[in-house]
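The values are calculated or read from the model by the stated rules, or taken from the named source; none is laboratory data. For clarity, every value in this text was computed on a predicted model and none was experimentally measured. As a convention, Cβ positions derive from the backbone with ideal geometry for all residues, glycine included, and neighbour counts pool all protein chains shown.
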Amino acid sequence: MPHDGDDSTTANDGRVPVRARYEPTRAEPALKAWSDSRIAEPGPFRPRFMVYSGLGPPAMTAERLAVLQEVGAESFLLAADLPSQLGFDPDHELSHAQVGRAGVSCATLDDFATICSRLDLTAADSVGMLQNSLGHVALGMVHSVLSDRDARHVKLVMQNDPLKEFTARGTEIHSPAQALRIAADCVAFAIDEDMPGAALTVCSNHYDVAGAGPLLAVAFAFGNAIAYLDELAGRGYEPADVAGKLMFFLNERSDLFVEASVFRTARILWSEILRDRYGIPVAEQPVAKLMGYAHGLESADEPLVNIPRVTLSVLGSMLGGVDYLCATGYDEALRIPSADAAALAVRTMQVVAYEHGTLTTIDPLAGSAKLRDVDERVMRKIRLELDRLTEAGGPLEAIENGYIAARIDENRGARQEQLRTGERLMVGHGVFDATARAEWFAGKSSGEIDFAKVEREAVERITAHKRRRDTALVDRALKAVETAAAGTENLVPSSIEALRAGATSAEIVGATREGFER
């Protein structure tokens with residue numbers, strides 16, 4: 001039924017009135033709370049346009065971020081390269097041939113300051129970094145740069161979610177219990193320092209792409225979120241304060257309506273968890289923040305065809321009510337996205353948000369009989385998987401006893417099997433094949449980087465950095481990190497002091513490990 005009040009618009013060719021809200025007869029409290037919070041905000045009711053980007057050396061990434069901000073990006077999640085994510089400096093032997101390839105090389109506070117140097121932080125909504133297993137280092141870098149540039153108003157979008165690394169991505173460094181402590185330290189620091197935004201983004205996306213499928217993945221992500229929240233509640237933090245520092249990165253790649261349902265359903269289920277497990281009434285809960293990454297069934301063949309795939313995935317995410325949204329570049333299956341593809345991804349989000357009435361109405365699919373049925377099926381399956389995870393001992397024990405890995409293995413390959421049998425169709429692969437005209441859909445993207453030069457310059461940069469710093473000062477700062485790790489002190493403050501003294505990520509990770517082993 002229409003919402004009372006004159007909130008309609010006729011901004012369409014037919015001059016048809018469209019309202020900001022249409023409420024179904026039986027609205028879920030969590031969805032109503034979310035809808036109320038959005039209606040109270042100045043519009044438009046859309047996600048922040050986020051970019052997940054990082055390539056080559058810090059200066060190259062700084063240039064890319066400046067270009068993307070110029071075309072309208074508002075939220076910046078930095079992709080660190082594999083050595084940085086694993087706690088290796090670029091001069092380590094295991095970093096060879098990986099420096100700057102799958103993200104930006106970032107080993108020092110100076111590197112991160114360079115990465116952010118061309119961002120207009122007065123216009124940025126949020127900044128963060130993906131360094132799941134060394135969140136105390138990554139948060140230390142972000143906090144230091146925001147403080148130095150008097151930009152403490154900029155929100156966090158940190159992806160410090162180490163528990164899923166053990167079974168979904170493989171960049172774990174410490175034990176599951178130690179990883180849990182680091183993640184909790186980051187959230188605790190953000191609460192203590194009153195830093196706005198998400199100090200920890202809990203991810204289902206990586207479980208999904210590892211083979212779990214989106215619904216099992218949401219259950220595992222919620223299990224991890226409960227583990228983080230329990231740890232912090234055990235330290236004396238209010239569950240509502242902790243929940244306010246979390247964001248969820250969810251995923252469904254192949255059906256627009258199921259994608260919308262996953263986001264809507266997640267709001268309801270998380271609200272139930274906060275109410276039933278932690279005793280927070282719905283009206284007093286922080287509204288859950290959700291992030292999406294709009295992929296499709298993107299392919300390295302006919303990359304231009306990925307553009308409509310990504311567009312529809314953007315639409316599904318927005319219909320689900322995400323708060324932050326990235327869109328993949330059409331050439332991401334081929335390489336680190338080129339600048340034109342990354343800029344087009346931002347434009348794609350803008351077109352879907354501002355044209356064709358997608359977000360004129362909050363929760364535009366409310367009341368759909370089809371979506372209600374899909375929602376109920378999605379909820380039932382996620383609840384079942386959460387119960388199974390609990391029976392398996394919870395996230396930490398389920399990592400150790402192999403339950404999570406086994407469940408992922410059981411589901412892996414479902415998409416490929418559906419494509420093989422024809423149950424699922426993919427244009428250009430089994431239907432509408434046009435290999436003779438493949439060049440029509442190849443695009444003009446070019447994103448090649450001289451990675452040998454990137455690595456050579458990164459090694460020179462870290463060597464010069466180590467040569468000019470005060471070694472005694474660094475040693476004292478690293479000893480403080482080790483002492484903090486050996487006890488119960490929060491790791492973030494000592495990590496910040498070590499970064500400011502000139503310590504590298506690898507050295508802070510090493511000191512953390514030494515402390516854990518004492």
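Residues are listed down the side, and each one gets a yes or a no for (1) part of a helix (DSSP H, G or I); (2) over 22 Å from Lys155 (Cα atoms); (3) of a type in the set (Ser, Thr, Tyr):
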position	(1), (2), (3)
Leu315	yes, yes, no
Leu325	no, no, no
Asp331	no, yes, no
Arg335	no, yes, no
Ala342	yes, yes, no
Gln350	yes, no, no
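I'm told Thr463 meets every condition in (1) assigned to a helix (DSSP H, G or I); (2) out of contact with any Asp or Glu (no Cβ under 9 Å at 6 or more places or on another chain) except one. Can you identify the failing condition by its number?
It fails just one condition, (2).
When only residues in region 352-362 that are in contact with a Lys or Arg (Cβ under 9 Å, 6 or more places away or on another chain) and in a loop (DSSP other than H, G, I, E, B) count, which is surrounded by the most Cβ atoms within 10 Å (Cβ to Cβ)?
The qualifying residue surrounded by the most Cβ atoms within 10 Å (Cβ to Cβ) is Leu359.
I'd like to check which helices (runs of 4 or more DSSP H) are fully inside region 45-160 and have at least 1 residues that are aromatic (Phe, Trp, Tyr).
Where helices (runs of 4 or more DSSP H) fall fully within region 45-160 and carry at least 1 residues being aromatic (Phe, Trp, Tyr), they are 109-115.
Output the residues belonging to region 450-488 that are farther than 26 Å from Val104 by Cα, in contact with a helix residue (DSSP H, G or I) (Cβ under 7 Å, 6 or more places away or on another chain) and of a type in the set (A, V, I, L, M, F, W, C).
Leu473, Ala480, Ala484, Ala485, Ala486
Filter region 363-404 down to the residues that are of a type in the set (Gly, Ala, Ser), surrounded by 13 or more Cβ atoms within 10 Å (Cβ to Cβ) and under 30 Å from Ser35 (Cα atoms) and list them by number.
Hits for region 363-404 are Ala366, Gly367, Ser368.
Out of Ala73, Ala79, Ala102, I need the residue that is closer than 25 Å to Glu507 by Cα, touching a strand residue (DSSP E or B) at 6+ places or on another chain (Cβ under 6 Å) and not assigned by TED's automatic domain parsing to the domain that holds Gly510. Which one?
None of the others qualify; the one that does is Ala79.
Would you point out which residue out of Arg420, Arg500, Arg424 is among the charged types (D, E, K, R), assigned by TED's automatic domain parsing to the domain that holds Val310 and surrounded by 14 or more Cβ atoms within 10 Å (Cβ to Cβ)?
Matching residue, one of Arg420, Arg500, Arg424: Arg424.
Which of (1) surrounded by fewer than 16 Cβ atoms within 10 Å (Cβ to Cβ); (2) over 20 Å from Leu315 (Cα atoms); (3) in the same structural domain as Phe112 (by TED's automatic domain parsing); (4) not acidic (Asp, Glu) is the odd one out, the single condition Pro57 does not satisfy?
(1)
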